[in-house]
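Take a look at the structure set out below.
The values are calculated or read from the model by the stated rules, or taken from the named source; none is laboratory data. Since the structure is predicted, the reported quantities are computational estimates derived from the model, not experimental observations. Cβ coordinates were reconstructed from backbone atoms using ideal geometry, including for glycine residues, and neighbour counts include every protein chain displayed.
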Amino acid sequence: MRVLICDDELDVAQIVAELLRREDIEAVVCGSGPEALAMLDRARFDLVVLDIMMPGMDGYEVCRRIRRSSDIPVLFLSAKTEELDQVMGFAIGADDYVTKPFKARELVARIRARIRRDRRASSHVVRHELLCSAGLELDATAHEVTLNGEPVSLTPTEFDLLAELMRAGESPVPASDLYERVWHEAYNASSRNSVMVYIRHLRKKLADIDSSRPFIDTVWGVGYRMRQAATREEVSDE
């Protein structure tokens, strides 16, 4: 595992790096957004830890630029604790958000879980899983989604969330179940916001292509479900 840590407070970045190194995770530190982007162009990393409040190019802009060409997991580590700040982070493509001051064990666990999940998603799968629902098709093996034949651009988290909903068909899935299946972490009081933000992103991206009908329903007091049942088709590569 190799992690890039970008924070203009280099003492904080070095603390995070040392925590990761103690867990046998290689950590590289840089102090600015442009430096982080240059390092990502030159070398391979499994995850990026980003501060937000950096001079010149802030963490939000760094994340936007990363998302133009890469699906690498991005975790914001920031002193900005307002809900709106976290919503903004998820909206521009972050996969996780941890506030300062942080708990060392929790931060390392989140980083490990995120990298582990990303590796599982990119590992070779022998069988294809194709989920279909009223013009919406999700190929879990190729990691592709189309709506009415038009490609839908999703982040890894958005993709996994949509896959879980489509697998459930018309059965509502509680937010707690979605969070634990997609984020691979225990559900807590703040987790509901993460699910809500990503559901909102999915609805918007689908509506941008086809606004004639809703695709994801909120079942109040229960969770979320697809408007029409998905069917599963498995095709062997053998």
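So the values come out like this:
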item: Tally, over the stretch 64-78, of residues that are small (Gly, Ala, Ser) and either under 9 Å from the mean Cα position of the chain (by Cα) or not in a loop (DSSP other than H, G, I, E, B) (or both); result: 1
item: Residues that are crowded, with 18+ Cβ neighbours inside 10 Å and among the hydrophobic types (A, V, I, L, M, F, W, C), drawn from the stretch 166-196; result: MET166, ALA168, VAL173, ALA175, LEU178, VAL182, TRP183, VAL195
item: Check on SER70, touching a residue at least 24 places away in the same chain (Cβ under 8 Å), surrounded by 14 or more Cβ atoms within 10 Å (Cβ to Cβ), within 30 Å of LEU202 (Cα to Cα) and small (Gly, Ala, Ser); result: yes
item: Considering residues of the stretch 17-38 that are within 21 Å of the chain's Cα centre (by Cα) and part of a helix (DSSP H, G or I) only, the residue farthest from SER70 (Cα to Cα); result: LEU20
item: Residues within the stretch 16-27 that are at pLDDT 90 or above and surrounded by 16 or more Cβ atoms within 10 Å (Cβ to Cβ), tallied; result: 5
item: Given (1) more than 22 Å from PHE159 (Cβ to Cβ); (2) modelled with pLDDT of 90 or more; (3) not in a helix (DSSP H, G or I), number of the condition GLU61 does not satisfy; result: (3)
item: Options ASP58, ASP85, ASP95, ASP11: the member that is acidic (Asp, Glu) and surrounded by 19 or more Cβ atoms within 10 Å (Cβ to Cβ); result: ASP95
